[in-house]
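What follows draws every value from the coordinates through simple rules; no lab data is involved. In this text the structure is predicted, and so the values were computed from the model without any measurement. As a convention, Cβ positions derive from the backbone with ideal geometry for all residues, glycine included, and neighbour counts pool all protein chains shown.
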Amino acid sequence: MPRGVYERTEYHKKINSIGQSGKKMSDESRKKISINNARYWLGKKHTKETKLKISLAGMNRKVSELTREKMSESHLGKNIGDKNGQWKGGITPLNKKIRKSRKDLNWVNTVFTRDNYTDQKTGIKGGNLHPHHILNFSQYPKLRFEIDNGITLSEESHKKFHKKYGQINNTKEQLLEFLK
């Protein structure tokens with residue numbers, strides 16, 4: 001070993017650890033350590049064995065609900081909009097934003113639950129279900145999230161309905177006729 005460098009024993013590691021406990025590092029010191037650690041790992045990769053060990057260690061980790069909430073809050077707003085690496089200048093169409101919204105997902109789940117996850121045309125439970133707006137999504141924006149304006153259909157039934165009656169100007173009477 002080079003002069004002045006020695007391997008620390010477990011005893012010395014423990015003594016140093018005790019000596020450092022309770023001490024707070026300055027933000028400047030933390031930043032220096034972070035930068036140096038990043039440089040150390042530059043161009044290096046963990047072996048498969050090490051990755052497996054890291055993965056297994058994380059599996060047994062129990063996190064309290066409070067910690068989960070804090071972790072979630074720490075991420076809020078960090079990857080939204082132009083802060084996200086995938087940002088392309090706000091080009092997502094309004095229709096897609098609405099269909100992916102929490103309000104729409106809640107509407108879908110409520111309609112499916114009310115209809116017991118059953119295709120209302122065939123009576124078959126489960127499968128590839130689609131929520132169908134009785135009065136069109138595009139023409140009746142105020143009724144988009146009304147539970148009474150939705151019905152559960154299978155993908156096949158949904159396609160048959162729109163093939164027969166088209167995509168716009170759909171009515172409740174057309175749906176009743178289709179369900180017979």
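Some observations on this one:
- The chain: angle of helix 27-41 to the longest principal axis, Cα-based, in degrees nearest 10: 80 degrees
- Alpha carbon centroid spacing (whole Å) that separates the stretch 9-52 from the stretch 79-106: 38 Å
- Close amide H pairs (under 5 Å, H built 1.01 Å from N) link residue 150 with 134, residues at least 5 positions away or on another chain.
- Anisotropy class of the stretch 94-179 from Cα gyration tensor, a/c 1.5 cut: oblate
- The string of couplings for the stretch 71-81 from the Karplus curve (6.51, -1.76, 1.60, θ = phi - 60°) is 4, 5, 5, 5, 8, 4, x, 7, 10, 9, x Hz, one whole number per residue in order, with x for Gly and Pro.
- Take every pair of alpha-carbon atoms less than 8 Å apart whose residues are at least six positions apart; their mean separation over the length of the stretch 94-179 yields a relative contact order of 30 percent.
- Extending 7 Å from the Cα toward the beta-carbon at both residue 140 and residue 27 defines two label points whose distance is 5.5 nm.
- Helix 102-114 vs. the chain, principal-axis angle (Cα, 0 to 90°, nearest 10): 60 degrees
- The mean sequence separation of alpha-carbon pairs under 8 Å and at least six residues apart, normalised by the residue count of the chain, gives a relative contact order of 14 percent.
- In degrees, nearest ten, helix 155-165 long axis to first principal axis of the chain (Cα): 40 degrees
- Here each label is just a point 7 Å from Cα along the line to Cβ, and for residue 147 and residue 73 those points are 3.2 nm apart.
- Under 5 Å from the amide H of residue 130 lie the amide H atoms of 153, 154, 155, each residue being 5 or more positions distant or on a separate chain, with H modelled from the backbone and absent for Pro and chain starts.
- Rounded if a/c under 1.5, otherwise prolate or oblate - the chain, Cα gyration tensor axes: prolate
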